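Encoded as structure tokens, the structure appears first; notes follow it.
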Amino acid sequence: RLASQEFAGLVKLNSKNARARINGNELEIFPDRKLSGNVSVWIAPTVKAATGESLGSPYQHSLQVSSMLPAVKFIGSGSIMPRGERLIVPIEATNINAIQLRVFQIFPDNIPQLLQNSDDNFGTWRSEDVGRHLSERSIPLSGAERDKTDVYQLDVTDLVCIYRGSIFRLEARILPEQ
């Protein structure tokens, strides 16, 4: 019976009526168009809970809605890093505050095997045949702005510098909590 409540005029997004429905113990609200930025949610005091009691007072809340999906990617198609004091890898990130970086080492003795058995962009090589995973680390991205793609310079020196002469594959992932 409560799942069939009529919500016309009882639920609003940015002061405009919104379609809503009950799904279990949740009130799902559907905007009539794509939203972004600051969104105001208003629920009338007459909306009833699963127990049959009305809300009693209006519910109002402000949300920040992103129009861009979270994303991370390396800039360029790969790099040969020279010997130096610091090894910097550039990435682009959107709507995230950290990434999970995984480092895979290809052993120096296996580089010829890698080059022989891979396509031009190393997309088909099998990791286990030529190397090993070195580390996995969460790296915070400071100064991240909402709905803006920013460029970051990741310092991977401490992850790879003791393994000079190797080739490394870096993987950047976004975890749900990031």
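The values are calculated or read from the model by the stated rules, or taken from the named source; none is laboratory data. Since the model is a prediction, treat every value here as computed from it, not as a measurement. As a convention, Cβ positions derive from the backbone with ideal geometry for all residues, glycine included, and neighbour counts pool all protein chains shown. Please note that ligands, DNA and RNA were not included when accessible areas were found on the heavy atoms of the full protein model with its side chains. Shrake-Rupley method; radii C 1.70, N 1.55, O 1.52, S 1.80 Å.
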Enumeration of residues in the stretch 59-70 that are surrounded by 13 or more Cβ atoms within 10 Å (Cβ to Cβ) and among the hydrophobic types (A, V, I, L, M, F, W, C)
VAL65
Looking at (1) farther than 30 Å from GLU145 by Cβ; (2) modelled with pLDDT of 85 or more, can you tell me which one HIS61 breaks?
(1)
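Counting only residues that are part of a strand (DSSP E or B), out of contact with any Phe, Trp or Tyr (no Cβ under 7 Å at 6 or more places or on another chain) and of a type outside the set (D, E, K, R), how many does the stretch 60-76 have? Write out each step before concluding.
Step one: of the stretch 60-76, the residues part of a strand (DSSP E or B) are 60-65, 71-74.
Among the residues that remain, those that are also out of contact with any Phe, Trp or Tyr (no Cβ under 7 Å at 6 or more places or on another chain) are: 61-65, 71-74.
Okay, now just the ones that are also of a type outside the set (D, E, K, R), so 61-65, 71-72, 74.
Residues in the stretch 60-76 being part of a strand (DSSP E or B), out of contact with any Phe, Trp or Tyr (no Cβ under 7 Å at 6 or more places or on another chain) and of a type outside the set (D, E, K, R): 8 in total.
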First in the stretch 7-26 and part of a strand (DSSP E or B), second anywhere and open to solvent by 100 Å² or more (accessible area, probe 1.4 Å), Cβ under 9 Å, 6 or more apart:
VAL11/ARG19; LEU13/ASP32; LYS16/ASP32; ASN17/ASP32; ARG19/ASP32
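Anything in the stretch 95-109 that is out of contact with any strand residue (DSSP E or B) (no Cβ under 6 Å at 6 or more places or on another chain) and over 14 Å from ARG164 (Cα atoms)? List them, or say none. If you could, list the steps in order and put the result at the bottom.
Our first condition is that a residue be out of contact with any strand residue (DSSP E or B) (no Cβ under 6 Å at 6 or more places or on another chain); within the stretch 95-109, this holds for 95-97, 108-109.
Selection gives ASN95, ILE96, ASN97.
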Hey, could you check the stretch 41-58 for residues that are open to solvent by 60 Å² or more (accessible area, probe 1.4 Å) and of a type in the set (A, V, I, L, M) and say which is modelled with the highest pLDDT?
LEU55
Can you find, within the stretch 156-178, the residue that is nearest to ALA93 (Cα to Cα) among those that are exposed (fewer than 13 other Cβ atoms within 10 Å of the Cβ) and touching a strand residue (DSSP E or B) at 6+ places or on another chain (Cβ under 6 Å)?
ARG173
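Within the stretch 1-22, restricting attention to residues that are open to solvent by 80 Å² or more (accessible area, probe 1.4 Å) and either modelled with pLDDT under 90 or in contact with a strand residue (DSSP E or B) (Cβ under 9 Å, 6 or more places away or on another chain) (or both), which residue is farthest from LYS148 (Cα to Cα)? Please lay out each step first, then the result.
Residues of the stretch 1-22 open to solvent by 80 Å² or more (accessible area, probe 1.4 Å): 1, 4, 6, 15-17, 19, 21.
Narrowing the set further to residues that are either modelled with pLDDT under 90 or in contact with a strand residue (DSSP E or B) (Cβ under 9 Å, 6 or more places away or on another chain) (or both) leaves 1, 4, 6, 15, 17, 19, 21.
Numbers: ARG1: 44, SER4: 40, GLU6: 39, SER15: 27, ASN17: 29, ARG19: 29, ARG21: 32 Å.
Filtering the stretch 1-22 for residues that are open to solvent by 80 Å² or more (accessible area, probe 1.4 Å) and either modelled with pLDDT under 90 or in contact with a strand residue (DSSP E or B) (Cβ under 9 Å, 6 or more places away or on another chain) (or both), the one farthest from LYS148 (Cα to Cα) comes out as ARG1.
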Mind checking which pairs have a first residue in the stretch 146-160 that is of a type in the set (S, T, N, Q) and a second that is open to solvent by 90 Å² or more (accessible area, probe 1.4 Å), Cβ under 9 Å, 6 or more apart or different chains?
THR157/GLU85; THR157/ARG86
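Provide a single number: the residues in the stretch 117-155 that are outside any loop (DSSP other than H, G, I, E, B), modelled with pLDDT under 75 and open to solvent by 80 Å² or more (accessible area, probe 1.4 Å). It would help to see each step written out before you state the result.
Here is the first cut: in the stretch 117-155, the ones outside any loop (DSSP other than H, G, I, E, B) are 117, 127-140, 149-155.
Those still in the list that are modelled with pLDDT under 75 too: 117, 127-129.
Of the ones still in play, those that are also open to solvent by 80 Å² or more (accessible area, probe 1.4 Å) are 117, 128.
Here the count works out to 2.
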